[in-house]
Amino acid sequence: MKVRKGIFPVAGLGTRFLPATKAQPKVMLPLVDKPIIHYVVEEAVQSGIEDIIFITGRGQVAIENYFDLSFELEEFLRTKNKRGELAELNGISNLINPCYVRQKQAKGLGHAILVARHLVENEPFTVFLGDDVIDSEVPCMRQMLEVFERYHCSVVALQRVAKNQTSSYGIVQPRQIDERVFQVLDMVEKPSPDEAPSDLAIIGRYILTPEIFRELDETTPGKGGEIQLTDAIRRLLRRQAVYGFIFEGTRHDTGDKLGFLKATVEYALRREEIGKEFREYLRSLQLRDQ
Ligand code: UTP
């Protein structure tokens, strides 16, 4: 069955990025001049995901406005003959045909996905977390879909992490199947380095079979009083195989201040119009600090 739908849960409170996230969604923070969510949506589109479902919370209309037409702005650019900017804006509103569902209370990632159940029903679907921006030749989700097409079961994206970082991730107990593919035997949420069953961390891309909804429905609040997706996937493991896949590419954790700054620098250095000057500026800072 072709996977067509993508859920984008963006209703989290973004507490790691306060106060910037007090009055705007975290995924609307820009990497240079494009909001984080734009990069993630591009990955979905390039992976063939056609139907995009945003799970939003209060105060997140900026996301809806961003992917919508902006008549006044477009008219203004037209009268000023600013064709490049106009084409760029048209490109954004033509990128996707989104659908928005409200998560009335931030009760956790698992709960956010459950809110979209009626829009997904009996199809396998994808989940994209806006915190993770992934740079790769083949879009990360495209790579994962190939694994799904081969094994026909849920697939989570994996990345190797340093031992001292396991306590920031869900870590899997793996059984290797192929060079980059592992069966997930179990998973532990944020284990200490001593308790971690491996160095393979789950990051923000998932392909899930619809059976996950039943498990989410029966999952009680876990860590932080939230309905956790990892708890529901652990329940799913009892009935179905779940695979993990080490994707090819670099992941930027833009949900964290330092990760966001690093991604900003990397994306800026790559920009034709500012990259060279920005590099020189960074060098001058380095010289000043010596
Ligand atoms: P995080 O655990 O990163 O939480 O959520 P957060 O609120 O975004 O950020 P911090 O940690 O407080 O700074 C992981 C993903 O799940 C979404 C978030 O928007 C993020 O994409 N989420 C989380 C929801 O959609 N609803 C929730 O109730 C919780």
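The values are calculated or read from the model by the stated rules, or taken from the named source; none is laboratory data. Note that this is a predicted model, so its numbers are computed, not measured. Positions of Cβ are generated from backbone atoms using ideal geometry, with glycine treated the same way; all protein chains shown enter the neighbour counts.
Just a few scattered comments:
- Meets criteria (more than 15 Å from the ligand (Cβ to nearest atom), touching an Asp or Glu at 6+ places or on another chain (Cβ under 8 Å) and within 25 Å of Pro174 (Cβ to Cβ)) for Arg234: yes
- Residue ID - modelled with the lowest pLDDT, chosen from residues in segment 1-21 that are more than 15 Å from Lys257 (Cβ to Cβ) and within 12 Å of the ligand (Cβ to nearest atom): Leu13
- Here is the figure for segment 1-33: residues that are closer than 22 Å to Ile53 by Cβ, outside any helix (DSSP H, G or I) and not hydroxyl-bearing (Ser, Thr, Tyr) total 17.
- When we screen Phe278, Phe245 for residues that are outside any helix (DSSP H, G or I) and among the hydrophobic types (A, V, I, L, M, F, W, C), the only hit is Phe245.
- Subset of segment 26-57 [free of Cβ contacts under 8 Å to residues at least 40 places away in the same chain and within 12 Å of the ligand (Cβ to nearest atom)]: Met28
- Val120 touching a Lys or Arg at 6+ places or on another chain (Cβ under 6 Å), within 16 Å of the ligand (Cβ to nearest atom), of a type in the set (A, V, I, L, M) and under 22 Å from Lys2 (Cα atoms): yes
- When Glu277, Glu266, Glu248 are checked against the criterion of being in contact with a His (Cβ under 8 Å, 6 or more places away or on another chain) and modelled with pLDDT of 95 or more, a single residue qualifies: Glu266.
- Filter pass, Gln176 being more than 16 Å from the ligand (Cβ to nearest atom) and either basic (Lys, Arg) or surrounded by 14 or more Cβ atoms within 10 Å (Cβ to Cβ) (or both): no
- Residue within segment 82-89 that is within 15 Å of the ligand (Cβ to nearest atom), in contact with a Leu (Cβ under 6 Å, 6 or more places away or on another chain) and farther than 20 Å from Val61 by Cα present: no
- Top-ranked residue in segment 188-218 [being touching a helix residue (DSSP H, G or I) at 6+ places or on another chain (Cβ under 6 Å) and closer than 21 Å to Ala162 by Cβ; ranked as surrounded by the most Cβ atoms within 10 Å (Cβ to Cβ)]: Arg205
- Matching residues, segment 201-221, being within 13 Å of the ligand (Cβ to nearest atom) and without any contact (Cβ under 8 Å) to a residue 60 or more places away in the chain: Ile202
- Of all residues in segment 155-203, those satisfying the criterion of being polar (S, T, N, Q) and within 15 Å of Phe245 (Cβ to Cβ) are Gln159, Gln176, Gln183, Ser198.
- Selected residue (criterion: surrounded by the fewest Cβ atoms within 10 Å (Cβ to Cβ)) from residues of segment 16-36 that are touching a Pro at 6+ places or on another chain (Cβ under 8 Å) and within 18 Å of Val101 (Cα to Cα): Met28
- Contact annotation: residue pairs with Cβ atoms under 8 Å, 6 or more positions apart or on different chains, pairing a residue in segment 238-264 that is farther than 15 Å from Val161 by Cβ with a partner that is within 16 Å of the ligand (Cβ to nearest atom) and of a type in the set (S, T, N, Q), are Phe260/Thr254; Ala263/Thr254.
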